[in-house]
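The values are calculated or read from the model by the stated rules, or taken from the named source; none is laboratory data. Quick caveat: nothing in here was measured; it's all calculated off a predicted structure. Cβ: placed from backbone, ideal geometry, glycine included. Neighbour counts: every protein chain shown.
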Amino acid sequence: MVNATKGLFISCDIPMAQFIINLNASLPASQKFIIHVLDSTHMFVQPHVSDMIRSAISDFREQNSYEKPS
């Protein structure tokens, strides 16, 4: 019997993949969204979390950006 799961394929660099994996690990078991980590730069996640991942990445980038002093 074949089991099929609907999901979202993510391809990114290694640091961003680690950020997403850590984000998943910080959630309770009922909210984990990674279905399968394929390799160090590719993963398969539940489709409903795309906006949450984008928001978390955006927040992370804003926190870690440098603004030159005037």
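A few remarks follow.
- Counted residues, the stretch 1-12 - those being out of contact with any helix residue (DSSP H, G or I) (no Cβ under 8 Å at 6 or more places or on another chain) and either under 18 Å from Gln63 (Cβ atoms) or modelled with pLDDT under 95 (or both): 5
- Of the residues examined, Leu23 is not one that is without any contact (Cβ under 8 Å) to a residue 24 or more places away in the chain and either surrounded by 13 or more Cβ atoms within 10 Å (Cβ to Cβ) or closer than 17 Å to Thr5 by Cβ (or both).
- Any hit, the stretch 53-63, residues being surrounded by 13 or more Cβ atoms within 10 Å (Cβ to Cβ), aromatic (Phe, Trp, Tyr) and modelled with pLDDT under 95: yes
- Pairs linking a residue in the stretch 42-69 that is closer than 14 Å to Leu23 by Cα to a residue that is exposed (fewer than 11 other Cβ atoms within 10 Å of the Cβ), with Cβ atoms under 7 Å and 6 or more positions apart or on different chains, are Met43/His36.
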